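A quick write-up on the structure given underneath.
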Amino acid sequence: MTPYRLVPAARLVITVLNGALWQRKPLHAELVRRAHRFGLGNTAVFQGIEGYGADGVIHTSRLLSLSDRLPILVVATDEEPRIHGFLEVLDPGMDLESVVIQQVQTVEFRSPEGAPRP
């Protein structure tokens, strides 16, 4: 028996720009708070070092550019219906650069006896 099994899931990737605010707080922090309150399986935030969004302007962390509008990714993984449900709790006024949903497989490891690990 394999020590793991693959479970169908969905990954939500929301791109915002560093400095984007929601009610005077960082937008990425509000997204994490809402994901946690909604009960999504896991959520993480990653800061990019270079990128561009809808405005087409390239923002970079290179010393000479000193950009403060670098991309931030908020990534969550859970069952696809839960990901779609989470989108319903987002506010249309949030300054989201992009929202992507991908079908993925998560890995669930098993103990040697075959039962899933806690």
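The values are calculated or read from the model by the stated rules, or taken from the named source; none is laboratory data. Keep in mind the model is a prediction, meaning the values are calculated, not measured. When we count neighbours, we look across all protein chains shown, and the Cβ atoms used for this are built from the backbone with ideal geometry, even at glycine. Note: areas computed on protein heavy atoms with side chains; ligands, DNA, RNA excluded. Shrake-Rupley method; radii C 1.70, N 1.55, O 1.52, S 1.80 Å.
Among the trypsin sites (Lys or Arg not before Pro) in segment 1-59, which ones are in a DSSP loop with at most 16 other Cβ atoms within 10 Å of the Cβ? Mind listing them?
Counting only loop positions with at most 16 other Cβ atoms within 10 Å, the trypsin sites (Lys or Arg not before Pro) in segment 1-59 are Arg24.
Given a cut-off of under 8 Å on Cα pairs at least six residues apart, what relative contact order in percent is computed for the chain? Intermediate results must be reported in sequence, preceding the final value.
On the way: 211 pairs, mean separation 52.8, N = 118.
After rounding, I find 45 percent.
Calculate what fraction, in whole %, of the accessible area of the chain sits on carbon and sulfur atoms when a 1.4 Å probe is rolled over the protein chains.
The C+S portion of the solvent-accessible surface of the chain is 56 percent.
What order do His36, His84 take when sorted by accessible area (1.4 Å probe), most exposed first?
Details: His36 150, His84 85 Å².
In descending accessible area the options line up as His36, His84.
Using modelled backbone amide H atoms (1.01 Å from N, in-plane), which distant-in-sequence or interchain residues come within less than 5 Å of Trp22's amide H?
Leu27
Given a 1.4 Å probe and the protein chains all in place, what does the accessible area of Ile101 round to, in Å² to the nearest 10?
Only protein atoms counted, so the area is about 60 Å².
When the chain is modelled as a GNM with alpha-carbon springs shorter than 10 Å, which of Ala54, Ala29, Ala76 fluctuates the most?
Ala54
If you filter segment 25-98 for GluC sites (Glu not before Pro), then keep DSSP loop positions with at most 11 other Cβ within 10 Å, what is left? Could you put the intermediate results ahead of the total?
Numbers: sites: Glu30, Glu50, Glu79, Glu88, Glu97; in loops: Glu79, Glu88, Glu97.
Counting only loop positions with at most 11 other Cβ atoms within 10 Å, the GluC sites (Glu not before Pro) in segment 25-98 are Glu88.
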